[in-house]
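Worksheet for the structure shown next.
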Amino acid sequence: MKEKILPFLGAFFAKGVRMLALLLVVSIAAFALVSLSPVDPVQQYLLGAGPVSEEQRAQVEEYWGVNDPPVERYFNWLSSLLSGDMGISTLYRRPVSDIIGERFFNSIALMLCAWLLSGGIGFALGCVMGAKKDRWPDRILKKVCYLFSSLPTFWLGLVLLLVFAVWLAWFPVGFSAPIGMLDSEVSLWQRFYHLLLPALTLSLASFSNIALHTRQKLIDVLEDDYVLFARARGEGEGTILRRHGLRNILIPALTLQFSSFAELFGGSVLAETVFSYPGLGSAAAEAGLNSDIPLLLGITLFSALFVCVGNLIADMLYRVVDPRIREERR
Amino acid sequence: MEQQPLLKVEDLSVTFRMYDGALAQKDLSVITDLSLTVYPGEIVAVAGSSGSGKSLLASAVLGLLPGNAVTGGKMYYRGELLTSEKQKALRGKEIALVPQSVSFLDPLMKVGPQADGAKKPLPTKRRKSIFQRLGLPEKTEKLYPFALSGGMARRVLVSTALISDADLMIADEPTPGMTLNQALEALTIFREMANEGKGILLITHDIDLAFAFADRIAVFYAGTTLEIASAKDFQNGPDTLRHPYSKALWQALPQNGFVPLKGFQPYAGHLPQGCLFAPRCPYKKERCERETPSMREMRGGEVRCFYAT
């Protein structure tokens, strides 16, 4: 047992160190970009405070260290970030960490639904296409996949909104809960009901990638020697698909599924904005549009962390699932 | 011996349709005019060097050639014409394949369940005794194919055919990678099965083992047979053999002088006119380069040569 866990932990540690290094680079890049942008954080901060004199403004700048050299400012920011202080959002006048926490809770529900939906639909369609390669189900589904992967997420969201929320009125037009209701009164069902349409948008925008990858992988597997041998042993096509096909495409499918976190997050920015869904994605859009620099930096780092964790899980998972890697060191 | 042959192959040809450039279509002929019979109770070895199309013969009999292959000629199993439906029905039941290498095992399935196959009821008990007989340790069944040595993998592959209880077995290079003892053991099992009335088509380039275990040997060259003779004729040497290539093959064996034959086997797509062996034949005459000889009976065997005696 010990021999199995140690290399696993070693790999986990190595990947973890690499991930932290990557996050550090992301923080430098994000900070540099924000510093170079024409947005003036002091101006944004003072917007809500009413008229201020030049002296008061200079005091605020002095207090915040706006005139310090950029490297020093970066390290000040980083050290408070590491001590858990992500700053105060100029838009919401609340700590960035609180906002990210709340919004992430909404987003994770949405993204989890979309993730499971797109993974399930994508995998199933990929299997059908792979098994029926070049016959009519494959040809039709392939075109459907190309169509969906070229549709912009926001446009797809608008169309779904128009058809299902406005014309058919099957779903609410937006938000994560009925309007005018206290947060404590909202039932789980109502939350799910509000989340369904944006989740559908998000999964429709990302399933085709998984489907096309699964298709290709299944086609490769079905051309392998061991499938030929299974045929020679009299196994039918259905049996081959169950016994050998699924088994051999499951590992790449899992890897693909966990590394799709990045696309999912990117898509959620657009989908949440269209549906006014109060998640992390729409917060990112608001922070950007309103020059809320602390929130923007916070979300940037948090989403980088989110994507890295997805990749880390994918990396670790195939070590657990694939016997060739799992038992390598026996 | 006028019993019905288990497998009869008549004038089999396999051609691959290739697309050369945009529209130019090219037919690549890999097997031509191949005729062969396997009777119950005998081992017929198909011996030839690499690239002679031996493995394609196995795929053709099983109906597992790739989609761009076109076959000609006829094949019969127990007197019945082998159509693709028939092949599908017989695969794994009446006709079993012992493939070449570990790549024919599913890399993600443990060896035991894999050898058991998909047919219910699972032959687990029978498989365990076959594993034991082939000298596979009991823990083998819990291993994944990547953990097998080359010899173990081949024994597992042999075991699948033994488990299937098929009457005709096509073994595609079953012995490389095994130690001499393991190879002898595997071939002894084939011999026993043949003695029980099964037919075995042994595709091999290990001529020595073929000599020792086969009843008849078909010498395969550039996609066709040049000579079919009893293994005794090969053991006796050039005097009882018929075709110049068979004689050269015999003389090329280490224990028989190690005399190499000049030249090399023509590749598919570059086959010579007339007799396929003519370019390397020391006795060739003008007619050999014009006409393709067909198989003819001679001294209890068959030979594809105008001038063999």
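The values are calculated or read from the model by the stated rules, or taken from the named source; none is laboratory data. Quick caveat, the model's predicted, so the values are computed rather than measured. Note that each Cβ is placed from the backbone with ideal geometry, even for glycine, and that neighbours are counted across all protein chains shown. In case anyone asks, the SASA skips ligands and DNA or RNA and just uses the protein heavy atoms, side chains included. Shrake-Rupley method; radii C 1.70, N 1.55, O 1.52, S 1.80 Å.
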Return the pairs, sorted by first residue and then second, in which the second residue is surrounded by fewer than 23 Cβ atoms within 10 Å (Cβ to Cβ), the first residue lies in the stretch A:114-132 and is among the aliphatic types (A, V, I, L, M), the beta carbons are less than 6 Å apart, and the residues are 6+ apart or on different chains. A:125/A:141; A:128/A:137; A:129/A:138; A:129/A:141; A:131/A:241
Restricting the stretch B:48-71 to residues that are β-branched (Val, Ile, Thr) and farther than 23 Å from residue B:197 by Cα, the one surrounded by the fewest Cβ atoms within 10 Å (Cβ to Cβ) turns out to be B:70
Kindly evaluate residue A:144 against the criterion of being open to solvent by less than 90 Å² (accessible area, probe 1.4 Å), modelled with pLDDT of 80 or more and among the β-branched types (Val, Ile, Thr). yes
Return the residue satisfying two criteria in turn: it lies in the stretch B:141-158 and is within 18 Å of residue B:201 (Cβ to Cβ) and not charged (D, E, K, R), and of such residues it is surrounded by the fewest Cβ atoms within 10 Å (Cβ to Cβ). B:157
Taking the stretch B:232-263 and keeping only residues that are over 21 Å from the mean Cα position of the chain (by Cα) and of a type in the set (Phe, Trp, Tyr), one is left with B:258
Which ones in the stretch A:235-265 are of a type in the set (Ser, Thr, Tyr) and facing another protein chain (nearest Cβ under 7 Å)? A:239
Need a quick list: helices (runs of 4 or more DSSP H) entirely within the stretch A:133-235 having at least 3 residues that are over 30 Å from residue B:103 (Cα atoms). A:136-150, A:153-160, A:188-222
For the stretch B:101-131, name all the residues that are touching a Gly at 6+ places or on another chain (Cβ under 9 Å), surrounded by 21 or more Cβ atoms within 10 Å (Cβ to Cβ) and hydrophobic (A, V, I, L, M, F, W, C). B:131
Could you check, for the stretch A:270-277, whether at least one of its residues is in contact with a helix residue (DSSP H, G or I) (Cβ under 6 Å, 6 or more places away or on another chain), away from every other protein chain (no Cβ under 14 Å), open to solvent by 40 Å² or more (accessible area, probe 1.4 Å) and without any contact (Cβ under 8 Å) to a residue 60 or more places away in the chain? no
Within the stretch A:297-326, take every residue that is touching a Leu at 6+ places or on another chain (Cβ under 9 Å) and within 14 Å of chain B (Cβ to nearest Cβ) and give me the one that is most open to solvent (accessible area, probe 1.4 Å). A:324
Just checking, does the stretch A:79-99 include any residue being more than 30 Å from residue A:41 (Cβ to Cβ) and open to solvent by 50 Å² or more (accessible area, probe 1.4 Å)? no
Residue list for the stretch A:278-296, restricted to those being open to solvent by 10 Å² or more (accessible area, probe 1.4 Å) and in contact with a Gly (Cβ under 9 Å, 6 or more places away or on another chain): A:293, A:294, A:296
Contact list please: Cβ distance under 7 Å, first residue in the stretch A:245-266 and farther than 17 Å from residue A:321 by Cβ and assigned by TED's automatic domain parsing to the domain that holds residue A:308, second residue of a type in the set (Phe, Trp, Tyr) and open to solvent by 30 Å² or more (accessible area, probe 1.4 Å), pairs at least six apart or on different chains. A:264/A:115
Does residue B:40 satisfy being surrounded by 15 or more Cβ atoms within 10 Å (Cβ to Cβ) and more than 19 Å from the chain's Cα centre (by Cα)? no
For the stretch B:188-301, please list each of the helices (runs of 4 or more DSSP H) lying entirely inside it that holds at least 1 residues being touching a residue at least 24 places away in the same chain (Cβ under 8 Å) and β-branched (Val, Ile, Thr). B:207-213
Please go through (1) at pLDDT below 90; (2) under 20 Å from the mean Cα position of the chain (by Cα); (3) hydrophobic (A, V, I, L, M, F, W, C) for residue B:136 and return the number of the only condition it doesn't satisfy. (2)
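Do we find a residue being of a type in the set (S, T, N, Q), at pLDDT below 85, surrounded by 13 or more Cβ atoms within 10 Å (Cβ to Cβ) and under 30 Å from residue A:251 (Cβ atoms) anywhere in the stretch A:107-116?
Looking through the stretch A:107-116, none of the residues is of a type in the set (S, T, N, Q), at pLDDT below 85, surrounded by 13 or more Cβ atoms within 10 Å (Cβ to Cβ) and under 30 Å from residue A:251 (Cβ atoms).
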Would you say residue B:134 is over 24 Å from residue A:245 (Cα atoms), surrounded by 19 or more Cβ atoms within 10 Å (Cβ to Cβ) and not hydroxyl-bearing (Ser, Thr, Tyr)? yes
Quick check on this structure: which one of A:211, A:232 is surrounded by 17 or more Cβ atoms within 10 Å (Cβ to Cβ), on the phi < 0 side of the Ramachandran plot and within 14 Å of another protein chain (Cβ to nearest Cβ)? A:232
Every residue in the stretch B:268-281 that is open to solvent by 80 Å² or more (accessible area, probe 1.4 Å) and in contact with a Lys or Arg (Cβ under 9 Å, 6 or more places away or on another chain), please. B:273
Given the conditions (1) surrounded by 15 or more Cβ atoms within 10 Å (Cβ to Cβ); (2) at pLDDT 90 or above; (3) touching a strand residue (DSSP E or B) at 6+ places or on another chain (Cβ under 6 Å), every one holds for residue B:74 apart from (1)
Determine, yes or no, whether residue A:287 is away from chain B (no Cβ under 14 Å), in contact with a Pro (Cβ under 9 Å, 6 or more places away or on another chain), among the small types (Gly, Ala, Ser) and not in a loop (DSSP other than H, G, I, E, B). yes
